[in-house]
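The structure appears right after this line, and notes come after that.
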Amino acid sequence: MLSKLNSPQREAVKYLDGPLLVLAGAGSGKTRVITQKIAYLIEQCGYQPREIAAITFTNKAAREMQERVGHLLEGKSAKGLTIATFHSLGLQMLRQEAALLGYKPQFSILDSSDSYKILADVLATTDKQLLRRTQSQISQWKNAFINPDQAKAQADEELTHAAAKVYQLYQQTLKAYQAVDFDDLIKLPVELFEQHREALEKWQRKLKYLLIDEYQDTNACQYKLVKLLTGVEGRFTAVGDDDQAIYGWRGADVENLRQLTEDFSRLKVIKLEQNYRSTVRILRAANQVIANNPKLFDKKLWSELGTGDLIQVSAARDEDHEAESVVMKLMAHKFEHRTQFSDYAILYRGNHQARIFEQQLRNHKVPYTVSGGQSFFDKAEIKDLVAYLRLIANEDDDPAFIRAATTPKKGIGNTTLERLGEYARDHHLSLFAAAFEGDFQRELGARQLEDLLTFCQYINRVQERATRDPAGEMLNDMLNAIQYEAFLYDSEEPRAAESKWKNVLDFTGWLTKKGNEDEKNLLELTQMISLMSMLEGRENGEPDAVKLSTLHAAKGLEFGHVFLIGCEEGILPHRESIDTDRIEEERRLMYVGITRAQKSLNISWCRKRKRAGETESCEPSRFIAELPHDDVKHFGMPTSDPAAAKENGRERMAQIRAMLAQAKE
Ligand code: ATP
Ligand code: MG
């Protein structure tokens with residue numbers, strides 16, 4: 001079983017004498033160590049699957065790992081094994097221990113637009129910038145495990161002090177809604193374990209071994225959770241690469257890597273140096289770019305996969321030209337090398353860069369999937385239905401109440417809602433509870449009251465069924481009851497309505513299947529959806545497709561051939577990062593991008609680009625100049641001999657056109 005590992009990897013898998021950190025560069029098999037170690041613990045060391053938890057960075061990575069472990073275990077069952085993100089592990093803990101924190105188990109999970117609206121209420125403003133800033137400040141406090149009182153005490157300027165007050169009101173509102181936000185899913189379990197020794201001991205007994213992938217991107221709160229759960233013995237394996245820390249903007253702190261060595265004096269560190277992913281040239285490019293950052297740890301990386309092709313760097317006239325050339329190159333390459341579409345990835349810094357490439361791919365009928373983009377769960381029609389589900393699970397969820405009560409319209413008007421809101425606030429009740437108060441009811445006209453009560457009573461009736469009846473059946477009944485299809489056709493163009501209704505059917509179909517597979521009822525599914533909606537989109541399941549992804553979302557993945565697009569100053573590195581002197585994190589993003597490639601790497605940039613309606617000229621990213629010259633071939637680049645470079649580019653395009661023509665025949 002351990003034969004597919006090199007010797008330091010094997011050592012890492014077998015090491016169980018204390019806390020272990022595997023510190024190594026990209027593609028060196030860190031994730032493979034985790035997967036193999038899970039199987040090793042179960043097969044060779046007598047661990048029960050339910051005693052092990054592995055933490056991945058995305059739900060998708062969790063699913064893939066689950067699948068691999070399944071294969072490795074052959075006959076043995078992995079039932080009960082936890083492979084999850086920090087957030088879903090936190091949710092699992094909170095759900096079981098909710099009562100200790102004064103929450104009911106069906107608490108709601110708010111997404112970032114819900115939090116935004118709550119903040120807008122608390123601050124009584126619509127100033128977007130102020131709201132975003134406050135939202136991000138609160139999130140940073142939570143990630144650093146700072147509660148409102150501490151935030152107030154620490155605030156040294158008036159603005160921060162004001163934000164700390166808002167933080168407090170925001171927390172009170174969440175509690176009143178029986179709701180938690182994304183950051184709470186980690187902060188609350190830490191609070192719980194610090195305050196309730198018995199609960200901590202129970203979870204320590206339950207989870208005997210913890211494995212953590214992508215450790216460099218944990219934040220202070222997540223690190224606290226690891227320390228609490230693994231106790232003084234430190235029963236964990238963490239793997240990570242400080243050069244791939246790319247979530248600093250979200251509160252992750254690569255310091256946590258160094259902190260490990262201080263907090264656990266018995267920490268063993270194993271380094272892996274052989275890269276099994278990329279050619280020598282790609283690896284050399286990655287190593288050379290990242291060498292421009294000051295280093296935290298000394299690491300080496302080498303590969304036996306051959307020198308490989310030159311890295312191509314192409315300058316395009318503008319973004320249309322870039323998209324066209326990339327797609328043509330990709331198609332020609334595929335034809336030439338008889339590869340699959342799924343061997344290709346187009347990677348970029350920001351989501352907005354994808355659209356123009358999507359258009360080109362569609363024009364050429366190339367199948368593709370987009371990840372890290374607007375999530376399926378962010379679509380209005382899906383959020384409508386999720387609002388109903390959330391309200392059924394937790395009638396105190398006021399944001400869900402407002403959305404469900406007004407979509408589709410059911411006679412509950414703004415005046416009713418305003419009065420309800422005032423009454424609820426004055427009496428410290430949720431909107432739902434306030435609706436049943438006699439004093440409030442007397443304020444309303446007979447029609448208004450009837451419409452409101454019809455809705456609330458309907459929710460009550462569905463609640464009764466929710467723990468009992470199959471999720472799929474309930475969903476279908478609900479769609480009928482609220483006449484959602486008719487609502488879509490009344491309020492949208494026929495084609496838009498059709499497409500939205502299809503999404504609804506996709507969603508209910510998927511939920512029904514999920515409910516059957518995992519034997520989950522509607523309430524359990526609801527919390528799972530809330531969590532998914534915040535983390536990532538749902539893949540559309542096309543098996544052979546080009547992958548479009550942000551660099552952030554491509555972490556941990558690998559592709560035969562990578563196109564890294566928009567490599568310009570102001571994009572990668574990002575303008576804001578240049579202004580705030582955060583180039584190092586941008587360079588790590590570039591490193592992550594380069595190291596996703598196995599066999600070939602194409603980097604491109606535009607000489608001109610439209611920004612807010614104006615055409616601007618652009619400079620190639622400083623990271624392009626950091627690539628090793630001998631491993632790079634430039635196209636269309638104003639190098640030492642501009643005429644030759646241009647000719648070069650023309651020739652290559654002509655070759656590609658000829659090849660495509662041949663492919664069509
Ligand atoms: P990243 O830093 O990008 O997350 P990683 O260190 O987690 O990379 P893996 O994804 O685990 O690296 O491995 C990279 C590739 O090398 C995978 O295709 C994996 O299957 C392969 N690999 C890892 N170890 C070995 C090995 N000992 N022999 C052969 N292939 C290996
Ligand atoms: Mg990995």
Over segment 134-184, the set of residues in contact with a helix residue (DSSP H, G or I) (Cβ under 9 Å, 6 or more places away or on another chain), free of Cβ contacts under 8 Å to residues at least 40 places away in the same chain and of a type in the set (D, E, K, R) is Asp149, Lys152, Lys165
Checked against (1) within 16 Å of ligand 1 (Cβ to nearest atom); (2) crowded, with 22+ Cβ neighbours inside 10 Å; (3) within 29 Å of Gln135 (Cα to Cα), Tyr247 satisfies every condition except (2)
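How many residues are within 16 Å of ligand 1 (Cβ to nearest atom) and on the phi > 0 side of the Ramachandran plot if we restrict to segment 541-565? Show your work before the answer.
The initial filter retains those residues of segment 541-565 that are within 16 Å of ligand 1 (Cβ to nearest atom), namely 547, 549-562, 564.
Next cut, on the phi > 0 side of the Ramachandran plot only: 556.
Adding up the residues that qualify gives 1.
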Quick one: is Asp396 exposed (fewer than 15 other Cβ atoms within 10 Å of the Cβ) and out of contact with any Leu (no Cβ under 7 Å at 6 or more places or on another chain)?
no
Checked segment 250-275 for anything away from ligand 2 (no atom under 16 Å from the Cβ), surrounded by fewer than 18 Cβ atoms within 10 Å (Cβ to Cβ) and more than 27 Å from the chain's Cα centre (by Cα); matches are Thr261, Glu262, Asp263, Ser265, Arg266, Leu267, Lys268, Val269
Only one of Gly75, Gly27 is in a loop (DSSP other than H, G, I, E, B), within 13 Å of ligand 2 (Cβ to nearest atom) and farther than 29 Å from His196 by Cα, namely Gly27
Do the conditions hold for Arg277, that is, is it more than 30 Å from Gly234 (Cα to Cα), among the charged types (D, E, K, R), at pLDDT 95 or above and touching a strand residue (DSSP E or B) at 6+ places or on another chain (Cβ under 6 Å)? yes
Exactly one of Arg419, Arg403 is crowded, with 18+ Cβ neighbours inside 10 Å and either out of contact with any Leu (no Cβ under 6 Å at 6 or more places or on another chain) or on the phi > 0 side of the Ramachandran plot (or both), and that one is Arg403
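So which of Phe440, Phe436 is more than 22 Å from Ile118 (Cα to Cα) and surrounded by fewer than 19 Cβ atoms within 10 Å (Cβ to Cβ)? Show your work before the answer.
On the way: Phe440 fails: surrounded by fewer than 19 Cβ atoms within 10 Å (Cβ to Cβ).
It is Phe436.
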Exception for Arg10 within (1) more than 16 Å from ligand 1 (Cβ to nearest atom); (2) assigned to a helix (DSSP H, G or I); (3) surrounded by fewer than 22 Cβ atoms within 10 Å (Cβ to Cβ) falls at (1)
A careful count of residues in segment 133-158 that are exposed (fewer than 13 other Cβ atoms within 10 Å of the Cβ) and more than 27 Å from Phe193 (Cα to Cα) gives 3
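Among helices (runs of 4 or more DSSP H) lying entirely in segment 469-583, which contain 2 or more residues that are touching a helix residue (DSSP H, G or I) at 6+ places or on another chain (Cβ under 7 Å) and surrounded by 17 or more Cβ atoms within 10 Å (Cβ to Cβ)? Step through it out loud before you land on a result.
On the way: elements: 471-482, 484-491, 494-517, 522-535, 575-579.
Counting at least 2 such residues, we get 471-482, 484-491, 494-517, 522-535.
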Expected output for segment 52-65 (first residue farther than 12 Å from Gly556 by Cα, partner charged (D, E, K, R) and surrounded by fewer than 22 Cβ atoms within 10 Å (Cβ to Cβ), Cβ below 8 Å, 6+ apart or cross-chain) is Ile52/Lys208; Asn59/Glu536
Got at least one residue in segment 38-47 being within 16 Å of ligand 2 (Cβ to nearest atom), under 25 Å from the mean Cα position of the chain (by Cα) and either over 18 Å from Lys555 (Cα atoms) or surrounded by fewer than 18 Cβ atoms within 10 Å (Cβ to Cβ) (or both)?
yes
- Query: For segment 588-605, does any single residue satisfy the condition of being more than 16 Å from ligand 1 (Cβ to nearest atom) and assigned to a helix (DSSP H, G or I)?
  - Reply: no
### Query
Looking at Gln48, is it more than 13 Å from ligand 1 (Cβ to nearest atom), farther than 30 Å from Leu551 by Cβ and in contact with a helix residue (DSSP H, G or I) (Cβ under 8 Å, 6 or more places away or on another chain)?
yes
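Quick one: would you say Gly570 is under 30 Å from Ala315 (Cα atoms), in contact (Cβ under 8 Å) with a residue 24 or more places away in the chain and more than 16 Å from ligand 2 (Cβ to nearest atom)?
Details: under 30 Å from Ala315 (Cα atoms): yes; in contact (Cβ under 8 Å) with a residue 24 or more places away in the chain: yes; more than 16 Å from ligand 2 (Cβ to nearest atom): yes.
Yes, satisfied.
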Of the listed residues (Glu74, Glu51), the one being farther than 30 Å from Trp302 by Cβ, touching a Leu at 6+ places or on another chain (Cβ under 7 Å), charged (D, E, K, R) and surrounded by fewer than 23 Cβ atoms within 10 Å (Cβ to Cβ) is Glu51
Condition set outside any loop (DSSP other than H, G, I, E, B) and more than 16 Å from ligand 2 (Cβ to nearest atom), scope segment 229-243, selection surrounded by the most Cβ atoms within 10 Å (Cβ to Cβ): answer is Phe236
Only one of (1) in contact with a strand residue (DSSP E or B) (Cβ under 7 Å, 6 or more places away or on another chain); (2) of a type in the set (Ser, Thr, Tyr); (3) farther than 29 Å from Ser112 by Cα does not apply to Ser530, and that is (3)
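Counting just the residues of segment 251-274 that are assigned to a loop (DSSP other than H, G, I, E, B) and farther than 30 Å from Gln598 by Cβ, which one comes out modelled with the highest pLDDT? Walk me through it before giving the result.
Looking only at segment 251-274, we keep the residues that are assigned to a loop (DSSP other than H, G, I, E, B), and these are 251, 253-254, 264-267, 273.
After this cut, where a residue has to be farther than 30 Å from Gln598 by Cβ as well, the list is 251, 253, 264-267.
Working: Gly251: 77, Asp253: 80, Phe264: 91, Ser265: 89, Arg266: 92, Leu267: 95.
The extreme case among them is Leu267.
I'd like to verify a number: residues in segment 210-237 that are on the phi < 0 side of the Ramachandran plot and within 17 Å of the chain's Cα centre (by Cα), how many?
Kept after step one, since they are on the phi < 0 side of the Ramachandran plot, are these residues of segment 210-237: 210-213, 215-230, 232-233, 235-237.
Keeping just the survivors that are within 17 Å of the chain's Cα centre (by Cα) gives 212-213, 215-219, 222.
The qualifying residues number 8.
State yes or no: is Asn287 in a loop (DSSP other than H, G, I, E, B) and either within 16 Å of ligand 2 (Cβ to nearest atom) or surrounded by fewer than 22 Cβ atoms within 10 Å (Cβ to Cβ) (or both)? Don't jump to the end; show me each part of the working.
Numbers: in a loop (DSSP other than H, G, I, E, B): no; either within 16 Å of ligand 2 (Cβ to nearest atom) or surrounded by fewer than 22 Cβ atoms within 10 Å (Cβ to Cβ) (or both): yes.
The answer is no for Asn287.
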When segment 586-609 is checked residue by residue, the ones that are surrounded by fewer than 19 Cβ atoms within 10 Å (Cβ to Cβ) and either in contact with a helix residue (DSSP H, G or I) (Cβ under 7 Å, 6 or more places away or on another chain) or within 14 Å of Ala286 (Cα to Cα) (or both) are none
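The values are calculated or read from the model by the stated rules, or taken from the named source; none is laboratory data. All values reported here derive from a predicted model rather than from experimental measurement. All Cβ positions, even for glycine, are placed from backbone atoms using ideal geometry, and neighbour counts span all protein chains on display.
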